[in-house]
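Working notes, structure below.
No value in this document is a laboratory result; all are computed from the given coordinates. Note that this is a predicted model, so its numbers are computed, not measured. Here the Cβ positions follow ideal geometry from the backbone for every residue, glycine too, while neighbour counts run over all protein chains shown.
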Amino acid sequence: MATTASCWFSGLTPTATSRCSALSSHSCLFITSHRAAAAFSPKFAPTAAWKKDPKTSRDKVRILSQKKYPGRSKDDRTYPFVDGEKNKGDARQSQSASFSTFGSQRKEKGFLYDYNEQQVEAGNLQDAAFLNAVVKIYCTHTAPDYSLPWQKQRQYTSTGSAFMIGDGKLLTNAHCVEHDTQVKVKRRGDDTKYVAKVLARGVDCDIALLSVESEEFWKGAEPLQFGRLPRLQDSVTVVGYPLGGDTISVTKGVVSRIEVTSYAHGSSDLLGIQIDAAINPGNSGGPAFNDQGECIGVAFQVYRSDDVENIGYVIPTTVVSHFLSDYERNGKYTGFPCLGVLLQKLENPALRACLKVPSNEGVLVRRVEPTSDANNVMKEGDVIVSFDDVQVGSEGTVPFRSSERIAFRYLISQKFAGDIAELGIIRAGEFRKVSVVLNPRVHLVPYHIEEGQPSYLIIAGLVFTPLSEPLIDEECEDSIGLKLLAKARYSLARFKGQQIVILSQVLANEVNIGYEDMGNHQVLRLNGTRIKNIHHLAHLLDSCRDRYLVFEFDDNYLVVLEREAAMTASTCILKDYGIPAERSSDLSEPYVDLVEDGRGTDQEFGDSPLSSLEIGFDGLLWA
């Protein structure tokens, strides 16, 4: 695609947990709303690093996330935590576009509908057996409150699609069942809803595996059969339960492109199928079929722009099979691995000559992640010319099928966590082969909180919590600060378990007079000891016997509390604010320090994009 893109995700939670990471030529904004298909003018923090022309932001998106909040009128469904717009691009961007993940729907009086994307009638497909394998999902979500981490947000409901794959299991999108407290499914032509259980979620690949125990639900059911990866111009039929009605919907189109693409929900890059069939809210999790009635993928997101029409995306069966195989191997989902290197393309002949690369091939290693196994065998300045004996081109691509090329990260995505890859590299003009163990990437600032509630620690009214993307969404970027945002976007974890711990807010009390206005500051040290993660901070507080607690924050901000007075006041503060405990349950476990003291140094940031997106205009990509 020739134009740069801004990514818009209509998320399924009030904190806009669908998101993507972006290279410097991309920008991402996260939207949640109660209004169906309404025009929206985005609002975001125009910080210096992510400022862009407001003219390019107008009329970019029609709100597509349809959620139901109980106890509210149709004209009053605005949720308290909808502020989550985020921009990660730069001023060079000139095109308006959007990715939207779909997994919910609601009939809304007076909504706008684009009849250029009309739903086609089932026609001769009406009696097709494979349509009966597509079911409707009803999910109740209760997301964590990241600003008040000891409690949950108000629940809401959404609907999506799923389909039967045999052995009592269903497949849908992960964003359809995110933060679920109850999941129910209903078959076509049935009026009974059955309770479903979420067995596994693949956040990075946006796939979830469900099970239904009721035998009644499975009577007469015929699971879908997976087909091969389609070819360009192959016919495709998308089936699901989208906006516009309660019965099953069928749309038809063709395959227009197959390439590594950005997955909005998981902030990852995997193989994707681009189609021109209409995909609308509620289609998420529904299958896409070829002419033989075989499932060739799962509908999950759409690209919105004033300059394009009917660009939808389907998760191909290769990614689905990887997810299912991973679950079968490990009894849980472990994730797609990464190589852990920052790369630059080598199109320039002078650059190749300087690096002593004899032919037009290879990509330059600019940086290696400290937490990856590649850090043990690779160096900055190495040139990767092959991956498992497959030659890597100077644009970072490898051969794909008969006459196509694809991003070389596609080969990495075919591996499983713990697999070994053999790389051919050129170092100082000498060719050699190295073996690298591939594992999922360690994010310093996570995109999703997997274990329910976020961690927190309260001492004398000071609320500490790890920095995460959902917290940034909830707090709004302008309240986080440019320096902390830069660390969140560009810093690398130096060891597994490392976190950026911030003072989220101060609960006013006599013991913390003068500190009440502090919020969203990174805490660096306690009594001179550098903090590695929030569990380490809790351990330092529990073991401290000094008279004073001295907290050192970024920008040389200092907070000093008398230790005994702080401990005494904590109980009263918890009672006054109705907080059940001074810390999250995970911090009650004994602290085990597995990190050498010298590795907890300050993070370097500003030269290494966190994104794993496709090669951008600056020629960079994460593998």
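Please compute the length gained on full extension between Arg432 and Lys252, using 0.36 nm multiplied by the number of residues separating them and subtracting their Cα-Cα distance. Write out the running numbers ahead of the final one.
Values: separation 180, 0.36 × 180 = 64.80 nm, distance 4.96 nm.
Extending this stretch completely gives an extra 59.8 nm.
What number comes out for the charge environment of Pro580, summing +1 per Lys or Arg and -1 per Asp or Glu over other residues with Cβ under 15 Å away?
Numbers: positive: Lys152, Lys575, Arg583; negative: Asp145, Asp576, Glu582, Asp586.
Net of charged neighbours comes to -1.
Using 1/(1 + (r/R0)^6) with R0 = 51 angstrom and r between the beta carbons of Asp388 and Glu215, what's the FRET efficiency to the nearest 0.05?
Working: r = 45 Å, r/R0 = 0.89.
Efficiency for this residue pair is about 0.70.
Quick one: length gained pulling Asp191 to Ala508 fully straight, 0.36 nm per residue minus the C-alpha distance?
Numbers: separation 317, 0.36 × 317 = 114.12 nm, distance 5.27 nm.
Here the answer is 108.9 nm.
What is the magnitude of the charge dipole of region 448-551 about its Cα centre, with +1 placed on the Cβ of each Lys and Arg, -1 on the Cβ of each Asp and Glu, and no other charges, expressed in debye to the nearest 20? Don't skip to the end; give the middle numbers.
Working: 10 positive and 13 negative charges, 163 e Å.
Value, rounded to 20: 780 debye.
If the chain between Asp291 and Gln414 were fully stretched, how many nm would it gain, using 0.36 nm times the residue separation less the Cα-Cα distance? Write out the running numbers ahead of the final one.
Values: separation 123, 0.36 × 123 = 44.28 nm, distance 2.65 nm.
The Asp291-Gln414 span can extend by a further 41.6 nm.
How large is ³J(HN,Hα), in whole Hz, for each residue of region 316-328 in order, when computed from phi with the Karplus curve 6.51 cos²θ - 1.76 cosθ + 1.60 and θ = phi - 60°, using x for Gly and Pro?
Residue by residue, region 316-328 yields x, 5, 5, 6, 4, 5, 4, 4, 5, 5, 4, 5, 5 Hz.
Quick one: which residues, 5+ away or cross-chain, put their amide H under 5 Å from the amide H of Leu492? H built at 1.01 Å from N.
It is Glu604, by chain and number.
Show me, for region 305-314, the HN-Hα J-couplings you get by feeding each phi into the Karplus relation (A = 6.51, B = -1.76, C = 1.60, θ = phi - 60°), rounded to Hz, glycine and proline as x.
Per-residue couplings from phi come out as 6, 5, 9, 10, 9, 6, 10, x, 10, 10 Hz.
Given labels modelled 7 Å from the Cα in the Cβ direction, how far is it in nm from Asp554 to Arg401?
Each label point is offset 7 Å from its Cα along the Cβ direction, giving 4.5 nm.
Order by neighbour count: Met518, Met164, Met378, fewest other Cβ atoms within 10 Å first, most last.
Numbers: Met518 17, Met164 25, Met378 21.
Least to most surrounded, the residues fall as Met518, Met378, Met164.
Treat every Asp and Glu Cβ in region 143-228 as -1 and every Lys and Arg Cβ as +1, leave all other atoms uncharged, and give the resulting dipole magnitude about the Cα centre to the nearest 20 debye. Before the final figure, lay out the partial values.
Working: 12 positive and 12 negative charges, 27 e Å.
Value, rounded to 20: 140 debye.
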